[in-house]
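The values are calculated or read from the model by the stated rules, or taken from the named source; none is laboratory data. For clarity, every value in this text was computed on a predicted model and none was experimentally measured. Neighbour counts are summed over all protein chains in view; Cβ atoms, including those assigned to glycine, are modelled from backbone coordinates with ideal geometry. These area figures cover heavy atoms from the full protein model, side chains too; ligands, DNA and RNA do not enter into them. Shrake-Rupley method; radii C 1.70, N 1.55, O 1.52, S 1.80 Å.
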Amino acid sequence: TEDPALPPQSFSRLEIEALVLAISALRSVGDAELTAAGEGAMARIIATLPESQGRHAMHATLRLFRPEAHLPAPGIDMALLRAAIWDERSLLIDYLDLREARSRREIWPLGLSYGENHIMLLAHCRLRGDFRVFHVPRIQSMQPGGTSFRPRRVALVREYAARHREGQVGRP
């Protein structure tokens with residue numbers, strides 16, 4: 001139900017085009033659940049717009065012509081991974097590195113990065129005591145680790161960014 005005290009939602013034509021373009025870009029990252037969430041959110045936004053703006057959204061002129069991602073499907077539960085990031089809870093992962101070496105690690109997952117040909121996980125590796133970037137499709141298995149690192153996620157991401165700028169970040 002709408003709150004009559006709130007003004008109707010309003011966007012400029014360019015803002016509507018930007019939102020439609022951004023949501024359409026989700027199809028190219030290879031995460032079906034994330035794509036569906038974006039499309040559902042956009043449908044709810046369009047439903048709240050005045051009629052003329054809803055028509056702008058339905059007939060947006062900007063399009064992204066990029067093939068949908070053909071990334072290897074992650075063999076892990078992406079919802080569990082996202083929840084661990086949001087809730088700042090550790091994970092135990094079995095990881096197969098680029099040299100085909102296997103390792104079991106407890107990590108503090110900090111964020112996901114979606115690229116044209118990859119999904120990467122930034123984490124603080126408890127085994128190495130340092131930041132690592134993991135190829136998500138190379139995570140063989142994953143389960144909750146039971147350790148909270150709240151409220152350190154934001155500080156750790158800032159530390160990673162600072163160290164990355166200085167060229168001091170390790171590899172998985």
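For the range 113-124, filtered to residues that are open to solvent by less than 20 Å² (accessible area, probe 1.4 Å) and more than 23 Å from SER148 (Cβ to Cβ), the residue that is modelled with the highest pLDDT is ILE119.
Of all the strands (runs of 3 or more DSSP E) wholly in the range 70-172, which have at least 1 residues that are touching a Phe, Trp or Tyr at 6+ places or on another chain (Cβ under 9 Å), of a type in the set (Ser, Thr, Tyr) and farther than 23 Å from LEU26 by Cβ?
Working: elements: 89-96, 102-114, 119-125, 130-135, 139-148.
Of the strands (runs of 3 or more DSSP E) lying wholly inside the range 70-172, those with at least 1 residues that are touching a Phe, Trp or Tyr at 6+ places or on another chain (Cβ under 9 Å), of a type in the set (Ser, Thr, Tyr) and farther than 23 Å from LEU26 by Cβ span 89-96, 102-114, 139-148.
Being more than 15 Å from CYS125 (Cα to Cα) and open to solvent by less than 70 Å² (accessible area, probe 1.4 Å) is the filter here, so list the residues in the range 156-169 that pass it. The answer is ALA161, ALA162, ARG163, GLY167. One residue stands out among those in the range 35-71 that are open to solvent by 50 Å² or more (accessible area, probe 1.4 Å) and either under 16 Å from the mean Cα position of the chain (by Cα) or aromatic (Phe, Trp, Tyr) (or both): the one that is modelled with the lowest pLDDT, which is PHE65.
Filtered by the rule that a residue be hydrophobic (A, V, I, L, M, F, W, C) and within 19 Å of the chain's Cα centre (by Cα), the range 79-99 gives ALA79, LEU80, LEU81, ALA83, ALA84, ILE85, TRP86, LEU91, ILE93.
The condition (being modelled with pLDDT of 95 or more and over 19 Å from VAL157 (Cβ atoms)) is satisfied by just one residue among LEU127, LEU92, LEU110: LEU92.
Of all residues in the range 125-149, those that are over 21 Å from ASP87 (Cβ atoms) and open to solvent by 60 Å² or more (accessible area, probe 1.4 Å) have Cβ atoms under 8 Å from Cβ atoms of residues that are outside any strand (DSSP E or B) and modelled with pLDDT under 95, 6 or more apart or on another chain, in ARG128/GLY170; GLN140/GLY75.
Take the residues in the range 8-34 that are under 16 Å from ALA47 (Cβ atoms) and assigned to a loop (DSSP other than H, G, I, E, B), then tell me which one is modelled with the lowest pLDDT.
As a first pass, look at the range 8-34 and keep what is under 16 Å from ALA47 (Cβ atoms): 8-11, 16, 19-20, 23.
Still in the running and assigned to a loop (DSSP other than H, G, I, E, B): 8-11.
Details: PRO8: 62, GLN9: 71, SER10: 78, PHE11: 84.
Among those residues, the one meeting the criterion is PRO8.
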